[in-house]
1. Would you please list the contacts, defined by Cβ atoms under 7 Å and residues six or more apart or on different chains, that run from a residue in region 49-72 that is within 13 Å of D171 (Cβ to Cβ) to a residue that is within 14 Å of the ligand (Cβ to nearest atom) and part of a loop (DSSP other than H, G, I, E, B)?
2. In this structure, does N106 turn out to be in contact with a strand residue (DSSP E or B) (Cβ under 7 Å, 6 or more places away or on another chain) and without any contact (Cβ under 8 Å) to a residue 60 or more places away in the chain?
3. Looking at region 45-82 only, could you name the residues that are surrounded by 22 or more Cβ atoms within 10 Å (Cβ to Cβ) and within 15 Å of Y243 (Cα to Cα)?
4. Please specify each residue of region 102-111 satisfying the condition of being touching a Cys at 6+ places or on another chain (Cβ under 9 Å) and over 17 Å from N287 (Cα atoms).
5. Need a quick list: helices (runs of 4 or more DSSP H) entirely within region 200-298 having at least 1 residues that are closer than 26 Å to E60 by Cα.
6. Can you give me the number of residues within region 178-198 that are out of contact with any Cys (no Cβ under 8 Å at 6 or more places or on another chain), aliphatic (A, V, I, L, M) and more than 10 Å from the ligand (Cβ to nearest atom)?
7. I'm checking my understanding of the structure. Among residues of region 201-227 that are among the β-branched types (V, I, T) and under 24 Å from the mean Cα position of the chain (by Cα), which one is farthest from L64 (Cα to Cα)?
8. Could you list all residues from region 169-218 that are among the aromatic types (F, W, Y) and touching a residue at least 12 places away in the same chain (Cβ under 8 Å)?
Amino acid sequence: MINFNVPTYTSKTFEYIRDVFNVVHASGDGKYTKLCHQWFREKLPCREALLVHSGTAALEMAALLAELNPGDEVIMPSYTFCSTANAFVLQGAVPVFVDIRPDTLNIDETKIEAAITDKTRAICCVHYAGVACEMDTILDIAKRHNLLVIEDAAQAFDSYYKGKHLGTIGDMGCFSFHETKNIMSGEGGLFVTNRAELGERAEIVREKGTNRSKFFRGQVDKYTWVDKGSSYLPSDVIGAYLYSVLEISDKIQDKRKYIWNKYFEAFADLEKQGKIRRPIIPAYATNNAHMFYLLFNDLEMRTKFINYLKENEIYAPFHYIPLHSSPAGREYCRVNGELPVTDRISTTLVRLPLYFDMTEEELHKVISVALSFFGK
Ligand SMILES: *Cc1c(COP(=O)(O)O)cnc(C)c1O
């Protein structure tokens with residue numbers, strides 16, 4: 001059986017986790033969490049980078065920091081994971097869905113302005129498959145209408161827009177280190193911002209609304225409850241796992257890009273024959289090889305393809321059920337205009353297995369089985 005995903009660990013993972021107990025600090029913001037913070041501040045770069053326990057938690061922090069009032073609106077795509085919308089719903093806000101672009105499957109920036117009302121407070125863009133949204137246009141709209149820009153960069157580690165790392169371009173960025181992402185700690189995430197006042201408040205929101213981070217740095221002589229917040233920081237055991245994976249991130253990225261390019265070449269002819277469509281990376285974006293997908297012409301062909309792979313012991317999933325047609329989406333969200341691209345993509349996209357430890361034999365098998373489906 002070839003799985004869709006296999007989690008990564010390294011020769012150092014267990015050594016670092018054991019070391020957490022030598023240091024005698026297994027709760028949050030220990031030695032390894034600090035090493036991760038430093039690593040991200042330099043790599044992205046960004047002013048504030050805070051480990052959290054999931055991409056969902058990073059989005060919840062961003063939604064809390066956006067200071068939304070009940071009924072305020074946040075414009076976003078419907079073609080995304082539920083956490084993108086759920087974070088704002090928890091604050092009493094209303095996600096407003098607009099359609100996606102047929103090329104990148106990212107929010108269609110030309111549809112945003114028509115969805116703005118006097119209640120709109122933010123745009124939450126999702127860099128689908130790690131490929132950048134058209135950020136200049138989105139930032140320009142946000143500036144003219146005084147809106148926050150929150151980037152769901154859950155899939156966007158090591159990907160750029162015109163040279164800037166995704167997640168560091170808007171007001172706040174949210175990364176995920178779930179085991180299906182390029183860089184992982186099982187569950188995990190990162191909140192980033194370049195705005196000083198948001199960074200300062202983020203530290204408090206993440207620590208149950210207390211100024212404990214300042215206390216640990218000796219900036220205040222006791223800590224207390226000062227603001228709204230929750231517990232978003234992970235144990236240093238998670239920091240140790242993540243740091244071991246960060247140390248081999250270049251290797252991970254080289255391997256993922258190698259697999260991605262093999263898939264891309266393998267399906268070139270089928271694309272020419274009009275049987276499938278491969279991912280498109282615009283000139284302003286980079287490819288972090290987070291995801292390799294194929295787009296079929298209709299649901300029937302996709303279903304047959306997935307079943308054929310399963311018969312051959314290869315697991316290839318599809319996603320997403322668009323949020324606007326999900327039960328919670330219908331209850332808590334609003335649609336602006338029509339979403340024909342979202343509806344079509346959700347019934348025609350399939351993802352192929354892609355993970356760091358994938359062997360040459362596994363890759364070869366996926367490609368040859370997939371090609372044999374089309375009668376090659
Ligand atoms: C994975 C993902 C999330 C959620 O991240 P978790 O770490 O699983 O909470 C949110 N948004 C998008 C687009 C994702 O792909």
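Read-outs throughout are calculated quantities, based only on the coordinates presented, and are distinct from any laboratory measurement. Computed from a prediction, not measured in an experiment: that's the story for all the values here. When we count neighbours, we look across all protein chains shown, and the Cβ atoms used for this are built from the backbone with ideal geometry, even at glycine.
1. M61/Y232; A63/L90
2. Here the answer is yes, as N106 does meet what is asked.
3. A49, L50, L51, V52
4. If the condition is that a residue be touching a Cys at 6+ places or on another chain (Cβ under 9 Å) and over 17 Å from N287 (Cα atoms), then I107, E109 are the ones that fit.
5. Details: elements: 212-216, 236-246, 249-266, 268-272.
Helices (runs of 4 or more DSSP H) meeting the threshold: 212-216, 236-246.
6. Residues meeting the conditions: 3.
7. I204
8. Within region 169-218, the subset among the aromatic types (F, W, Y) is 175, 177, 191, 215-216.
Scanning region 169-218 gives F175, F177, F191, F216.
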